[in-house]
1. In the structure shown, do any of K32/K103; K208/K338; K156/K196; K156/K241; K103/K184; K226/K319 have a Cα-Cα gap over 26 Å, and if so which?
2. What are the ³J(HN,Hα) values, in whole Hz, obtained from phi via the Karplus relation 6.51 cos²θ - 1.76 cosθ + 1.60 with θ = phi - 60°, for each residue of the stretch 321-329 in sequence order, with x given for Gly and Pro?
3. Could you tell me the accessible area of S312 in Å² (1.4 Å probe, neighbours in place), rounded to the nearest ten?
4. Amide H neighbours of M380 under 5 Å, at least 5 residues apart or on other chains, H built in the peptide plane: list them.
5. For I225, enumerate residues with amide H under 5 Å from its amide H, sequence gap 5+ or separate chain, H modeled in the peptide plane.
6. Sequence neighbours fewer than 8 away in the same chain don't count; with that in mind, list the lysines whose C-alpha is under 19 Å from K355.
7. May I ask for the percentage of alpha-carbon pairs in the stretch 240-383 that lie more than 26 Å from each other?
8. What FRET efficiency, computed as 1/(1 + (r/R0)^6) with R0 = 22 Å and r the Cβ-Cβ distance, is obtained for N239 and S312, rounded to the nearest 0.05?
Amino acid sequence: MCATYESDLHFDDLPFELVCEIFDYLPLRDVKTASSVCQRWNAIIFSEVYIHRFQLQLNLDYSLPVLKQMAQLLEASDREYYSVVLRANLGSPLTDARLRIVKLMIRLLASRSESLYFNMADFRIESCVSERLLRGRKLQVIDTRAKYIPLGMGLKESMLAAICEYAVELVDLVIAEMNINNPKALVPLSSLKHLKLLLISNYYPYVKPPEPPINLPGLENLSLIKVTDESCHYFRVDNLKRFFIHSTGTDAPRTMDFITQNITQVSRLCLHFTARSIQAEMIFGWLDRFPNLLALELAGVALPGDVLKQLSPANRLQKLIFVSCHLETLQLDGLLEKLAKLRLLCFDGCSLFHKQSGFHPVHYDDIEGLRQRLPHCRIMLDYD
């Protein structure tokens, strides 16, 4: 008999291509489970090469007979897809045959996942692992951004309506790169009664509705990326726990006024701006409108030394996270008095002003004084 030693053969020694072939025997749900086994398996499964094995590209410009045959083949197939990309020429009419394929693929994806990613720019719909959606400010999902010629708003809104019709059990939904200002485009979302996480980017309504038209009573996490301030008024979210907004506006009091008219019960508030001219001290003056607020994330603003001057000492803040901010000093005025309950203070990608050389990234040496001043508070330079 020939002796076999454990060191002679190990799964991790197999080449990338062979591991992919082995994973192909698993259904899509088990592939997602395998991605959490170890770092190597995760890297393989979420690599562009492997992800494209589960991507289906459909050209909607074929003739009507071909589209009908395509729909029949898809309905009869038991193949699972992670991603569906639709391709169509500019101005193509939204025919019944095209819409049939759109609805069919949404049904197939939604039946196997509680999470969907819908990119309106390149007509891509993906089933997602919800943990990846919760990673802070990152909108980029797993595959490359293959750009196709847009078909127009007819297909976009029909796809969104189909999601709301056939994926009513959705828990997580990401709608990326909408690039529209139609205030009624998102109203069908009210049918998603089980939705807990909703992320929307590039939504530009400029009219404030008299009442929020989108009612999502179970929503816990709402993120609005690159939106107008008016978008806050389109959602009735009575049980929201986390609200994230990346506003295109430059008037902080106006932004805070719009938010506090409709969203005040959150325990975590994330405010991202694109203009350094935003008066950050004005933002802290509005925080008493959020009685349950425990964590604040503030990004893209300049922070003077007296930025906390309007903050009420009665606040309950336990986490304060600055992202890509410019600070005059780390020794903020009233830090001990205004933030007595603080347990975590983070400077993620921030810059500190030095008299001789201007702004430089905050380093560990810079926060040493803060650590001595706040011994019961964790001081960090990055936050994941």
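The values are calculated or read from the model by the stated rules, or taken from the named source; none is laboratory data. All values derive from a computational prediction rather than experimental measurement. Neighbour counts run over all protein chains shown; Cβ positions are idealised from the backbone, glycine included. Accessible surface is based on the protein model in full, side chains and every heavy atom, while ligands, DNA and RNA are left aside. Shrake-Rupley method; radii C 1.70, N 1.55, O 1.52, S 1.80 Å.
1. Working: K32/K103 24 Å; K208/K338 35 Å; K156/K196 23 Å; K156/K241 29 Å; K103/K184 20 Å; K226/K319 24 Å.
Distance filter (> 26 Å) returns K208/K338; K156/K241.
2. Here the 3J(HN,Hα) series is 10, 9, 10, 6, 9, 9, 10, 6, 7 Hz.
3. Only protein atoms counted, so the area is about 50 Å².
4. The list, which skips near neighbours in sequence, is L345, C346, F347.
5. Excluding prolines and chain starts, which carry no amide H, the hits are I200, S201, N202, H246.
6. none
7. Numbers: 1839 of 10296 pairs.
Considering the stretch 240-383, 18 percent of its Cα-Cα pairs are separated by more than 26 Å.
8. Numbers: r = 25 Å, r/R0 = 1.14.
Approximately 0.30, to the nearest 0.05.
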